[in-house]
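Below is one structure, written out as structure tokens, with a few remarks after it.
A short reminder: the numbers here are calculations on the coordinates, not readings from a lab. Please read all numbers here as calculations on a predicted model, not as lab measurements. A quick note on method: Cβ atoms are made from the backbone with ideal geometry, for glycine too, and the neighbour counts reach across all protein chains shown.
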Amino acid sequence: MSTPLIVALGAFAGLTVFLGLPFARLKNLPNSVQAFLNACATGILIFLFYDVISKASEPINEAIIPLQQGKGSVGSFLLNVVVFVAGLGLGLMGLVYFERWFIRRTKEQARVKNKGGEAAIVAPEALALMIAIGIGLHNFSEGLAIGQSAASGAIQLAAVLIIGFGLHNMTEGFGIAAPLARGSASWMFIGLVGLISGGPTFLGTLVGMVFHSEPVFIGCLTLAAGAIIYIINELLDIGRKFAWKLKTPEVIMWGVLLGFLVGYGTDLVVTWSGL
């Protein structure tokens, strides 16, 4: 399989996120449907958090036994631990400060437009953008896995990863679209969040074919994990408001369960590859 073809397929694996984004254009959805979609997105992201933390922990856990036997590098182990903690903290707190800046900027623009009047904050777009950033960081690490597999000669593994990640990204696109389910987002904005979330798979494939770094791999995953913690908190807050309105909390829980199982089911293809 040629290098250009692998890179093209890596891009395809990331851009399948666009298949789930049209849900954002559905208008006049009942509150119960919006609540269920939001809950499904929450379940998908809960699974994604478990997935990325597990993968980021693997190199660190695998280095412990050699160190106990007096082998391995203490410096490399400590570097990976520091990168893990720093990535998690930066991913979480970075979005806290990003949201504060985004809200302040939106308010200022609204005041100028309305000549000093207050205006509503565009929370769904901000949340969708944050989800896209977190998924984009995760997808960069997936691209690294594709590129590194191809560079090592494991073409069959790379092909299976492309298929598995492509299927998985379809569900991630749905997770981005859920906060926008009222249909107010423009196609331009939908295209933007699609590129932010799916494009890094292409970049990761390019980087992975020419450069291998365990700390970079761990850093990308923990940045994504930190971002996902913040996003899950926001989605759960939205879910609680829906549950109070609908007085049917079981709808929320069924949605979370379904979202988690969908994420788990699509990830089985990747697990089958032996990664």
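Could you go through the stretch 127-139 in sequence order and give the Karplus-derived ³J(HN,Hα) for each residue, using 6.51 cos²θ - 1.76 cosθ + 1.60 with θ = phi - 60°, rounded to whole Hz, and x for Gly and Pro?
Working through the residues one at a time gives 5, 4, 5, 5, 4, 4, 5, x, 5, x, 4, 4, 5 Hz.
To the nearest Å, what is the center-to-center distance of the stretch 127-143 and the stretch 205-236, using C-alpha atoms only?
The stretch 127-143 and the stretch 205-236 have Cα centres spaced 8 Å from each other.
When all alpha-carbon pairs of the stretch 1-86 are counted, what percent fall beyond 16 Å? Don't skip to the answer; put the middle values down first.
Values: 2678 of 3655 pairs.
Within the stretch 1-86, distances greater than 16 Å cover 73 percent of Cα pairs.
Please turn the phi angles of the stretch 225-241 into ³J(HN,Hα) values with the Karplus equation 6.51 cos²θ - 1.76 cosθ + 1.60 (θ = phi - 60°), one per residue in order, whole Hz, x for glycine and proline.
5, x, 5, 5, 4, 5, 5, 4, 4, 5, 5, 5, 5, 4, x, 5, 5
Which ordering of ARG25, ARG100 is given by a fewest-first count of other beta-carbon atoms within 10 Å? List each step's numbers first, then the result.
On the way: ARG25 16, ARG100 10.
Result, fewest neighbours first: ARG100, ARG25.
Mind sorting LYS245, LYS71 by how few other Cβ atoms lie within 10 Å of their own Cβ, fewest first?
Details: LYS245 12, LYS71 9.
Final ranking by Cβ density, sparse to dense: LYS71, LYS245.
Percent of alpha carbon pairs in the stretch 38-89 separated by more than 11 Å? Before the final figure, lay out each step's value.
Numbers: 965 of 1326 pairs.
Result for the distance tail: 73 percent.
Using the Karplus curve 6.51 cos²θ - 1.76 cosθ + 1.60 with θ = phi - 60°, what ³J(HN,Hα) values do you get for each residue of the stretch 63-68, in whole Hz, with x for Gly and Pro?
Rounded to whole hertz, the list is 7, 5, 4, x, 5, 5.
What distance in nm separates the simple spin-label points at LYS245 and GLU214, each placed 7 Å from Cα in the Cβ direction?
The answer from the label model is 4.9 nm.
Taking neighbour Cβ counts within 10 Å as the exposure measure, how do GLU58, GLU172, GLU250, GLU125 sort from fewest upward? Write out the running numbers ahead of the final one.
Values: GLU58 14, GLU172 30, GLU250 9, GLU125 20.
The most exposed by this proxy come first: GLU250, GLU58, GLU125, GLU172.
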